Amino acid sequence: MTRWKIRDIAFDFVDDMTDDPVVTVRIVTPVGQLTFLAEPVMVGTTLVLKGLHAQDSAANAVGPANLIVIAHAVMEGMDLDGLVIKGAVRSTGANPGH
Amino acid sequence: MDSSLRERFARLGPIRAIDRVTSGSPAVFVLRLPLDGPPPRTIDAIHALARRGLSMLRAKRAVESLLEKGRVFIDLPTVEDTRAVTDDLAKAGIAAAWIQPDLTVNVRELRERLDLTREQFAIRYGLEVETLRNWETGKREPDTTARSYLRAIANAPEPVEQAYAATPVV
């Protein structure tokens, strides 16, 4: 799979405009749309995304190399030194519900 | 999220507010995970709940609880149409059913079923005789709390009596 450039990716967000620490991000990529929802927390200059949910069929078509491109796009765009992702309850795969 | 974090995300792309339903009534639903079918679209489900007045965090917790337990009850503050909620959740792969409130309790019928006079019923369940009379004659309606208590009596008269009797007198 071709490795994307950061300029190939676009972001938009949905927020409930309160102090509730939950954000949804839609990422438009060359293989389609990805949607993530998580509880973001800044720890120094590292963004921690707790309880991450993902959906959309493009999720399986991204590949690890392009996930890193997305992560770099986030870190560059938000001026971060680190990005930590902590998953939520499984809805698929082995042992859903855990 | 707080404003400083929102500013950081805004450097990446536009931020829009969730499209909340602006008018409607509270409604309670039971949500279930279907035994088969594709995995649920959890983010769509969270948004469907948040659009009806739950905070995003409460909506997220509710969906996560559903994934863990397979069933969850949810009280949505602003429901424009119960069918719209069940349709939205069905599209997200979640079975939802509206629980219709049945708050009507025929107080006289309940008391007579238990074979009690007004005085006996009032003493047994900690009510005032005059209040009972007003409910039975239709002069007044029990409020939500009283209706819930009466429903509990109707469903389990002896355990409620025992629970009430066990209440320590201060």
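Quick note: the coordinates plus some simple rules give every number you see, no bench work behind them. Model, not experiment: these values are computed from the prediction. Note: ideal-geometry Cβ built from the backbone for every residue, glycine included; neighbour counts use all protein chains shown.
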Distance from the range B:110-170 to the range A:26-44 (C-alpha centre basis), Å:
54 Å
In whole Hz, with x marking every Gly and Pro, tabulate ³J(HN,Hα) for the range B:148-154 from phi via Karplus 6.51 cos²θ - 1.76 cosθ + 1.60, θ = phi - 60°.
5, 5, 5, 5, 5, 4, 4
Order these by the 10 Å Cβ neighbour count, fewest first: B:68, B:136, B:119.
B:119, B:68, B:136
How many partner chain Cβ atoms sit within 10 Å of a residue's Cβ in peptide B:52-59, on average, as a whole number?
4
Within 10 Å of each Cβ in B:43-51, how many Cβ atoms from other chains are there, averaged over the peptide?
4
Taking only the alpha-carbon atoms of the range B:2-105, what semi-axes of the equivalent ellipsoid follow from 5 times the gyration tensor eigenvalues under a square root, in whole Å, largest first?
26, 18, 12
Residue by residue through the range A:33-43, what is 3J(HN,Hα) from phi via Karplus (6.51 cos²θ - 1.76 cosθ + 1.60, θ = phi - 60°)? Round to whole Hz and write x for glycine and proline.
8, 10, 10, 10, 9, 7, 9, x, 9, 8, 10
Pairs of lysines 8 or more apart, or on different chains, with alpha carbons under 28 Å: count those in the protein assembly as shown, would you?
12
Per residue of the range A:13-24, what does 6.51 cos²θ - 1.76 cosθ + 1.60 with θ = phi - 60° give for ³J(HN,Hα)? Whole Hz please, x for Gly and Pro, Karplus curve as stated.
10, 10, 9, 8, 6, 10, 7, 4, x, 9, 9, 10
Residue order, fewest to most surrounding Cβ atoms within 10 angstrom, among A:47, A:37
A:47, A:37
Helix-only [θ] at 222 nm, chain B, -39500 (n - 2.57) per DSSP H run of 4+, per residue, nearest 500, equals -15000 deg cm²/dmol
For residue B:18, distant residues with modelled amide H under 5 Å away
A:15, A:16, A:17
Roughly how crowded by other chains is peptide B:18-30, in terms of the mean Cβ count from those chains within 10 Å of each of its Cβ atoms?
1
Label residue A:10 and residue B:161 with points 7 Å out from Cα along Cα→Cβ: what is the distance between them in nm?
7.1 nm
